Amino acid sequence: MNEENKRPMLDRLCGDMTESDRRNLNRANLWLALWLVSFAASTFLIKGDVVSSGLAGWIVAAAPLVVGLGAMLAYGRYMHQADELQRRIQLQALALGFGVAFFFGFGYRLLEKVGAPAADISDVSMVMAFFYFVGLWIGRRRYA
Amino acid sequence: MKNRLKVLRAERDWTQARLARELDVSRQTINAIETGKYDPSLPLAFSIAALFGQPIEQIFTPEASDPQNG
């Protein structure tokens, strides 16, 4: 039994990281949490007709985009400085998520025409996120 | 690619975590290299060679199945 197999399962699943990776990933996750909050808040304000048009509407609608840019920059920083194996795992997960979502997005258009329930872009985003996490899980198992 | 990382580490009685700290990589990276699941980048291979004071070719050796030998 090698050293890896002696480690707790949750530890193996999450993978260990260098201190800088942990710090950068925590920062990226914080931005992602902020984005979720801002998206939920903007959705609530717009759908609830608290704001709907005019400058206030534009600001509320654009807020998640601005926060999302911060999340992208934080994730980019993590990727740029990441341990090389972690970077490979992330890239493979991103490739799986993007690839599946790309072909699902186009393929589902045809399925809709033959009777499948209508889907919108947020469904594609969910598929992308799901398969990104599947890719992370596969990568961490592959190199464990 | 085959490597002698585990042997060199054992000679110094280092854990994977200790070696990972010395090289500023994750312990998972060390484990993946030792088990042959991952070949390190050239900069990391040079860092490993420098740490153990040996030429790269004495630590990493190509296998017959490696693409450059195919």
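The values are calculated or read from the model by the stated rules, or taken from the named source; none is laboratory data. These numbers come from a predicted model, not from an experiment. All Cβ positions, glycine included, derive from the backbone under ideal geometry; neighbour counts span all protein chains shown. We work out accessible area using only protein heavy atoms, side chains counted, and drop any ligands, DNA or RNA first. Shrake-Rupley method; radii C 1.70, N 1.55, O 1.52, S 1.80 Å.
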Subject >> Long-range neighbours under 9 Å by Cβ, at least six apart or interchain, first residue over 13 Å from residue A:86 (Cβ atoms) and free of Cβ contacts under 8 Å to residues at least 12 places away in the same chain within the range B:22-43, second open to solvent by 60 Å² or more (accessible area, probe 1.4 Å) and of a type in the set (D, E, K, R) >> reply: B:35/B:6; B:37/A:142
Original post:
Say we look at the range B:10-62 and pick out the residues that are more than 22 Å from residue A:90 (Cβ to Cβ) and of a type in the set (Ser, Thr, Tyr); which of these is farthest from the other protein chains (Cβ to nearest Cβ)?
Top reply: B:61
Subject >> Looking only at the range A:80-91, and only at residues there that are buried (at least 17 other Cβ atoms within 10 Å of the Cβ) and assigned to a helix (DSSP H, G or I), the one that is nearest to the other protein chains (Cβ to nearest Cβ) >> reply: A:85
Original post:
How do the pairs read when you match residues in the range A:112-125 that are within 21 Å of residue A:97 (Cα to Cα) with residues anywhere that are of a type in the set (Lys, Arg) and modelled with pLDDT of 80 or more, using Cβ under 9 Å and keeping only pairs 6 or more apart or on different chains?
Top reply: A:119/A:109
**OP:** Scan the range A:22-54 for residues that are among the β-branched types (Val, Ile, Thr) and under 19 Å from residue A:72 (Cβ atoms) and jot them down.
**Re:** A:37
